[in-house]
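Only one structure is covered here, and it is reproduced in the block below.
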Amino acid sequence: MTHAAPSTPARKRGLTAVDERIYRAVVNAVMSHRLPPGTRLGEADFCALYDVSRTTVRKALQRLAHDHIIELRPNRGAVVASPTPKEARDVFAARRALEREIVPLVVRRATPASLGAIRTAIEAEEAARHGADRAAWIRLGGEFHLLLAELAGNAVLQRFMAELVSRCSLIIALYENPGVPMCGNHDHHDLLALIERGDTDKAVDLIEHHLLDIEARLHLDEQDRKVNLAEALGER
C-alpha cells in the first residue's frame, strides 16, 4: 500500500506529552475509520477528555490541520478533513507525477545501504499487517514512499512528497472500505527487486500502476454518521 500519517517526533514539533497523545489519538482514530470525514472535533470535548486547557488542545489541532488530517473552519471549529472526489483524484495525479521523477533517482543512486533501508521498511509494513494494526500499516506504507523520496536525494521533491503522502494517507484511511482485508505489499517487494536490477523503466511503470490500483479501490462517496468522540479516541 501507499499510505500513512506523519510521524515526526513530538519534541521536534514542539508538542508536549499531552499534545502528542491528543494528536496520535485523532490520527489513529481517523486511520482506523472511527472518525469519518466531516466529524466535528470540539475543543471543549478534548478539554474534558484529557483534563487540559484549550491552549493545549489548540496546539494539537493546529498540528493536525498542518498535516491535513483535520480542517479548521471559521464558525465551526475543527472537523475531520473531507477531501472531495476531485481533490482525491488531483492528489493521486500529483503523486503519480512526482513518483515518476523520484523512482529513477532512487535507481540511479542505489547502494547496499539504501536497498537495505527499503527492505527494512517493507518488513515493518508486513509486521503491521500480520498484527492487524491498520493505523500503523497505513502510516508505514506512507513512510515507505517518503523513504524513496529521501533516497532520491532531492530535498524539494522530498518536501512535496511529505505533503502529498499525508493527504493520500487521509484519503485512503477515509475512503478505502474498512472491511477489505489488509493485503500484502507485493508491489513494494517487486519495486525493490526492480531497483536492485537497475530496471528504471519497469520500476516507473510499476509505481504508476501501484498508485492507480490504490485509487481504484477507494469509495469516494459522502459519509454521514454520528460519532461519540470518547469512544472513537479510545478514551472510554
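The values are calculated or read from the model by the stated rules, or taken from the named source; none is laboratory data. No experiment lies behind these values; they were computed from the predicted model shown. Every residue, glycine among them, receives a Cβ derived from its backbone with ideal geometry; neighbour counts consider all protein chains shown. Protein only, heavy atoms only, side chains kept; ligands, DNA and RNA dropped before computing areas. Shrake-Rupley method; radii C 1.70, N 1.55, O 1.52, S 1.80 Å.
The table that follows gives values for the structure above.
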| read-out | value |
| --- | --- |
| Protein accessible area in region 32-80, 1.4 Å probe - carbon and sulfur % | 45 percent |
| Computed lengthening from His209 to Asp45, 0.36 nm per intervening residue step minus Cα-Cα distance | 54.8 nm |
| Amide proton proximity set for Ile70, modelled H, under 5 Å, gap of 5+ | Ala65, Ala81 |
| Inter-site label distance for Glu101 and Glu87 at 7 Å from Cα along Cβ, in nm | 2.4 nm |
| Positive-end residue, region 50-188 charge dipole about Cα centroid, Cβ charges, pick of Ile172, Ile69, Ile138 | Ile69 |
| Whether region 64-191 is rounded, prolate or oblate, judged on the alpha carbon gyration tensor where a/c under 1.5 counts as rounded | oblate |
| Cβ-derived FRET efficiency at R0 25 Å, His186 paired with Thr111, nearest 0.05 | 0.55 |
| Theoretical gain in end-to-end length, Arg159 to Arg58 [0.36 nm per residue, Cα-Cα removed] | 33.9 nm |
| Table column - 3J(HN,Hα) (Hz), region 105-112, Karplus curve with 6.51, -1.76, 1.60, x for Gly and Pro | 5, 5, 4, 5, 9, 4, 9, x |
| Percentage relative contact order, region 15-132, counting C-alpha pairs under 8 Å, at least six apart | 23 percent |
| Relative contact order of region 128-213, pairs being alpha-carbon contacts under 8 Å that are 6 or more residues apart, as % | 24 percent |
| Value of relative contact order over region 66-212, rounded to a whole percent, pairs C-alpha under 8 Å and six or more apart | 36 percent |
